[in-house]
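In what follows, a structure is listed as structure tokens, so that the remarks can point back to it.
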Amino acid sequence: MEKLIGYCGVDSGQILLIDPCYVWSDNFSPDDEPTGGNYDTACRITLGDNGAGEVAGGVVTSTAYGDGSYPVTATYSGDRIVSITIDFDPQEDEDEECWNCGESTRWCDGDCQDEEE
């Protein structure tokens, strides 16, 4: 069974799949010398020829259209999640509206829910 489990908001044109305990901070500027930090490394991978690759503790990839909000679907086997899919080209979802703010779900990352409370 497949189920929409949420949306990933993207503000850097890339997304990282990683265990939450490995989330890191670092500085990055494409014109500067590499810092050797994890965020810098992730940015250089997504800006490279393949647009994706392995980083410390996870996998990073660029998105099809840069910033936005991308639907995440889980595939279940019984009550266990066996895979997830992040759709970077959700053509059929482009016209759906966020139930809270009315924006296209392609661009609304769900922050509007926090603003209403």
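Set the Förster distance to 25 Å, then compute FRET efficiency between ALA56 and ILE5 from the Cβ-Cβ distance, nearest 0.05.
The calculated FRET efficiency here is 0.45.
What does the extension gain come out to for THR35 and GLU103, with contour length at 0.36 nm per residue minus their alpha carbon separation?
Stretched out fully, the THR35 to GLU103 stretch lengthens by 20.7 nm.
Would you pull out the residues with amide H under 5 Å of VAL55's amide H, same chain only if 5 or more places away, H placed 1.01 Å from N?
VAL60
Read-outs throughout are calculated quantities, based only on the coordinates presented, and are distinct from any laboratory measurement. Just so you know, these numbers come straight off a predicted model, no measurement behind them. Cβ coordinates were reconstructed from backbone atoms using ideal geometry, including for glycine residues, and neighbour counts include every protein chain displayed.
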